[in-house]
Structure formats: C-alpha cells, structure tokens
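Written below as structure tokens is the structure these notes are about.
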Amino acid sequence: MSLTILPGSTLGVLGSGQLGRMFAIAAREMGYRIHTYSTEVDSPTGHIADREFTGAYDDLDRIREFSKTVDVVTFEFENISAQAVQAIEQLVPVRPAGSVLHTSQNRIREKTTLHQAGLPVTPFRSINTPEDITRAINELGCSAILKTAQWGYDGKGQRSINSADQAMDCWNDLENVEAIYEKKIDFIAEASVVAARNEQGEIVCCGPIRNEHHNHILDLSIYPDPEMQPLEKQACEITRGVLETLDVVGVMCVELFVTKENDLLINEVAPRPHNSGHLTIDASPCSQFEQQVRAICNLPLGDMTPSQPAAMANIMGDLWENGIPRWEKALAYPGVRLHLYGKQDPRPGRKMGHLTAIAKTAGQVSETVLSARNSLTE
C-alpha cells in the first residue's frame, strides 16, 4: 500500500518559477514545508520555500543532497535531465515519475505514445534527415508546423511552413536538430483540461478551459465557456486516457484543438500545473496547486470546478514599458484579484503575473478581466 505523506512533511520542487511559487503557497497553507532546487538564487519559489538549493540540474551530488532533505519531489517545468530524476528516484519518490517526464519532454515520444494508445493526436511525422521532410510533405502536405523535438515552449523552437522549399529552410534554421512535423489543424478554438490523478487511480478534471493566445503565449483563459461545455465529456475522457496511459501521479494539463466538426485533437501535454489553470486559485474549492499537493502526497483529490464563471489574463513584462503598471486601477474592478510572481526584471514577453476575475457569465468575466488589465496602463 502506498504511503500517505502527511502535513508537516517536506515537499521538494525542481524548478523555481511561478508554478513552483504557487505550489509552495498551497503547500504551506496545508501545513507542509517546501524545499526548492534550481539554478537561480532569490527565485519566485525561493521567496516562499523554507530552503532554497542552488545548483546545476546535471550536478548529481547536489541533486542528491537536496533529495535527502525531502519526502517527495515534484517539478514545475520539464527541462530536467533523466539522469537527475533517476538520482532522485533512488532516494525518494518523484511524482509524476521520471518515466512521465521522459515521455513528455520529447514531442515525438509524446505523440507516438499517445497515438499508439488510440488517443486523438494531431497528424505528425518525425524528422531526422532531409528525406524525412520530403516524406512528411508527401504524406501530410505543406501546411504544417515544424517544431524541435525537445526544449521548446511558448512558441520557441517552432516554424510555420506553407511550401516545400520553406520546410527545408526552416529545418536548417532550427540547425537540423531532431524535429517533429505536424499538420496544421484548421481549428475553431483552443482548449485545455487540467487534471489530477493519485496513486489509487482517482482522477479529477477541470475543463475544457477556453484559451486565447497572443504571439504563441497564453493570453486569456475562461471557464466554463458556453461553446466548450458540450465538449466536456469528450475532453475529460481524452484527458483520463492520457493520464492512465502515462501512469501520471500528480497534475497534468492536456492542450486540445477544437475542429470545425467539434472533434478534439491533442496538441501537447504538460506534466505539471498549467497557466490556464490559474483561474482555479480564486474560483474553485480546490486550486490546481492544492490538487498537486494532494496528488503527490497520496491524499483524496479535491473539486476544481469554479463556483461561478472565472477568467485569467496574463500580465507580461511589456506592460512596464512606460513605468510601473497601475495596480490600483485593476483592483478597483469587482471580483478581480492580482497575482505577481516576484520577478525583478520585467522583460517584454516575460510572464510577470496574472489577473483573475469571477462574474455571473462567461461574457462578463472575460470583459472584466480584460478591462482590468487594460486599466494598468491608463
């Protein structure tokens, strides 16, 4: 029987950004201690943690030192070596397991695993040679996205393709690394489901959350959305299939395309809480971060369903262009809350925080959170 990790224990988190910070806040509220490990000092997670370990992710001695101080380890981003995770698993549980991380941090492994399980993924081909590109064009056409197999996020490591000549140029631009060629989907919406699974196999879903992007970065999330609600059963069945196929213990986000026929295709998965799930912090009985704590500690899962329509709008570093944003303006809107991540350098394109809002309808909540964000620079 699996061991339950009770409050008072110490939870370790690999990575020290905003996801780790919000996880640490939720864990502290439940009575846990937090240790974080990353390459940074004075980090967003470190501001909340009891202890901040600093070192390289390939420094296995330092990684083991960190692991000996905690009862379980989770992570807030995927770019961690398999060797580091293996070193930790020799000492304490890692949740989700290293096998989940190994699959999800490579787009080809991820898509192949899910496709073989019979789950609906976007059509794809793996690219390692010029001949692979020619074959992919012949089989899937020229309208595609070429992505590096590893280390890409928020649109990084991706190129849009519309012709055969462009495909080869894009692969050269990506320095001929292992890549995945994905057919462009003529979708009508993008959605996500944030779900948790514990060791007993209990699964709780939140979604589909409607998402809107700007410059390949999530801009706005709304849940529930009237157009997405008829797809809830289908979206949650797909998500359940993903978590069971990968044997996830923890929180995972499944990002989906909604086609014109109202079918759902998996775009990608993330084995951690997700930007789109931030609205659960203020709107749901159990946030995605409390759910992460519950899942990795083998506790019963909570309810992530918002009590009323909720929305989240990202705050990017661009808003500092003409000075400090007018926080008091946004906070004057009823139902709006501000979450800043403790980052000191507001660079353009960098996630600095987010606003959440709750209202009676999806339309009202979207209008409220966007108006509140617009007011920051008035």
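The values are calculated or read from the model by the stated rules, or taken from the named source; none is laboratory data. Because the structure is a prediction, the values reported are computed rather than measured. For neighbour counting, all protein chains shown are included, and Cβ atoms are generated from backbone atoms with ideal geometry for every residue, glycine included.
Which is at pLDDT 95 or above and more than 26 Å from residue 371 (Cα to Cα), of 299, 279? I'd like the intermediate steps shown before the answer.
Working: 279 fails: more than 26 Å from residue 371 (Cα to Cα).
Of 299, 279, the one residue that is at pLDDT 95 or above and more than 26 Å from residue 371 (Cα to Cα) is 299.
Might you let me know whether region 10-32 holds any residue that is in contact (Cβ under 8 Å) with a residue 12 or more places away in the chain, of a type in the set (S, T, N, Q) and more than 25 Å from residue 269 (Cβ to Cβ)? It would help to see each step written out before you state the result.
If we filter region 10-32 for residues that are in contact (Cβ under 8 Å) with a residue 12 or more places away in the chain, which is where we start, we get 10-32.
With the extra rule that they be of a type in the set (S, T, N, Q), the set shrinks to 10, 16, 18.
Remaining after also requiring more than 25 Å from residue 269 (Cβ to Cβ): 10.
Yes, region 10-32 contains a residue that is in contact (Cβ under 8 Å) with a residue 12 or more places away in the chain, of a type in the set (S, T, N, Q) and more than 25 Å from residue 269 (Cβ to Cβ).
Here's the yes/no breakdown for (1) buried (at least 24 other Cβ atoms within 10 Å of the Cβ); (2) of a type in the set (Val, Ile, Thr); (3) outside the structural domain of residue 41 (by TED's automatic domain parsing):
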| position | (1), (2), (3) |
| --- | --- |
| 288 | yes, no, yes |
| 291 | yes, no, yes |
| 298 | no, no, yes |
| 324 | no, yes, yes |
| 328 | no, no, yes |
| 371 | no, no, yes |
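What are the pairs, 6+ residues apart or on separate chains, where a residue within region 355-378 that is over 16 Å from residue 212 (Cα atoms) and in contact (Cβ under 8 Å) with a residue 12 or more places away in the chain has its Cβ under 6 Å from a residue that is polar (S, T, N, Q) and in a loop (DSSP other than H, G, I, E, B)?
Listed pairs, sorted by first residue: 358/308.
Tally time: how many residues in region 205-229 are out of contact with any Asp or Glu (no Cβ under 7 Å at 6 or more places or on another chain), surrounded by 22 or more Cβ atoms within 10 Å (Cβ to Cβ) and among the polar types (S, T, N, Q)?
Residues in region 205-229 being out of contact with any Asp or Glu (no Cβ under 7 Å at 6 or more places or on another chain), surrounded by 22 or more Cβ atoms within 10 Å (Cβ to Cβ) and among the polar types (S, T, N, Q): 1 in total.
Name the single residue, out of those in region 338-360 being of a type in the set (Lys, Arg) and buried (at least 17 other Cβ atoms within 10 Å of the Cβ), that is farthest from residue 308 (Cα to Cα). I'd like the intermediate steps shown before the answer.
From region 338-360, those of a type in the set (Lys, Arg) are 343, 347, 350-351, 360; that's our starting set.
From the residues that got through so far, the ones that are buried (at least 17 other Cβ atoms within 10 Å of the Cβ) too are 343, 351.
On the way: 343: 30, 351: 26 Å.
Result: 343.
When the residues of region 1-33 are narrowed to those that are crowded, with 20+ Cβ neighbours inside 10 Å and within 16 Å of residue 299 (Cβ to Cβ), which ends up nearest to the chain's Cα centre (by Cα)?
Here the answer is 23.
To keep it simple, each residue is scored yes or no on (1) outside the structural domain of residue 354 (by TED's automatic domain parsing); (2) free of Cβ contacts under 8 Å to residues at least 60 places away in the same chain; (3) more than 11 Å from the chain's Cα centre (by Cα).
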| site | (1), (2), (3) |
| --- | --- |
| 250 | no, no, yes |
| 255 | no, no, no |
| 258 | no, no, yes |
| 262 | no, yes, yes |
| 267 | no, no, yes |
| 270 | no, no, no |
| 275 | no, no, no |
| 282 | no, no, yes |
| 285 | no, yes, yes |
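Among residues belonging to region 88-111 that are under 26 Å from residue 35 (Cβ atoms) and charged (D, E, K, R), point out the one that is surrounded by the fewest Cβ atoms within 10 Å (Cβ to Cβ).
89
With (1) in a helix (DSSP H, G or I); (2) touching a strand residue (DSSP E or B) at 6+ places or on another chain (Cβ under 9 Å); (3) acidic (Asp, Glu) as the list, and residue 237 as the residue in question, which single condition is left unmet?
So residue 237 meets the others, but not (2).
Taking the criterion of being surrounded by fewer than 21 Cβ atoms within 10 Å (Cβ to Cβ) and within 28 Å of residue 319 (Cβ to Cβ), would at least one residue in region 262-269 satisfy it?
So in region 262-269, the residues surrounded by fewer than 21 Cβ atoms within 10 Å (Cβ to Cβ) come out as 262-263, 265, 267-268.
After this cut, where a residue has to be within 28 Å of residue 319 (Cβ to Cβ) as well, the list is 267-268.
Checked region 262-269: at least one residue is surrounded by fewer than 21 Cβ atoms within 10 Å (Cβ to Cβ) and within 28 Å of residue 319 (Cβ to Cβ).
Does residue 196 qualify as being among the aliphatic types (A, V, I, L, M) and farther than 28 Å from residue 160 by Cα? Outline the logic, then answer.
Values: among the aliphatic types (A, V, I, L, M): yes; farther than 28 Å from residue 160 by Cα: yes.
Yes.
Here's the yes/no breakdown for (1) touching a helix residue (DSSP H, G or I) at 6+ places or on another chain (Cβ under 9 Å); (2) outside the structural domain of residue 270 (by TED's automatic domain parsing); (3) under 17 Å from residue 304 (Cβ atoms); (4) among the small types (Gly, Ala, Ser):
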position: 168; (1), (2), (3), (4): yes, yes, no, no
position: 171; (1), (2), (3), (4): yes, yes, no, no
position: 174; (1), (2), (3), (4): no, yes, no, no
position: 179; (1), (2), (3), (4): yes, yes, no, yes
position: 197; (1), (2), (3), (4): yes, no, yes, no
position: 201; (1), (2), (3), (4): yes, no, no, yes
position: 204; (1), (2), (3), (4): yes, no, yes, no
position: 208; (1), (2), (3), (4): yes, no, yes, no
position: 211; (1), (2), (3), (4): yes, no, yes, no
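Could you tell me which of the residues 76, 52 is surrounded by 22 or more Cβ atoms within 10 Å (Cβ to Cβ), within 24 Å of residue 351 (Cβ to Cβ) and either touching a Phe, Trp or Tyr at 6+ places or on another chain (Cβ under 6 Å) or acidic (Asp, Glu) (or both)? Steps first, answer last, please.
Numbers: 52 fails: surrounded by 22 or more Cβ atoms within 10 Å (Cβ to Cβ).
Of 76, 52, the one residue that is surrounded by 22 or more Cβ atoms within 10 Å (Cβ to Cβ), within 24 Å of residue 351 (Cβ to Cβ) and either touching a Phe, Trp or Tyr at 6+ places or on another chain (Cβ under 6 Å) or acidic (Asp, Glu) (or both) is 76.
For region 116-204, which fully contained strands (runs of 3 or more DSSP E) count at least 1 residues that are surrounded by fewer than 14 Cβ atoms within 10 Å (Cβ to Cβ)? Give the steps one after another, and end with the answer.
Details: elements: 124-127, 144-148, 158-161, 179-183, 187-197.
Of the strands (runs of 3 or more DSSP E) lying wholly inside region 116-204, those with at least 1 residues that are surrounded by fewer than 14 Cβ atoms within 10 Å (Cβ to Cβ) span 158-161, 187-197.
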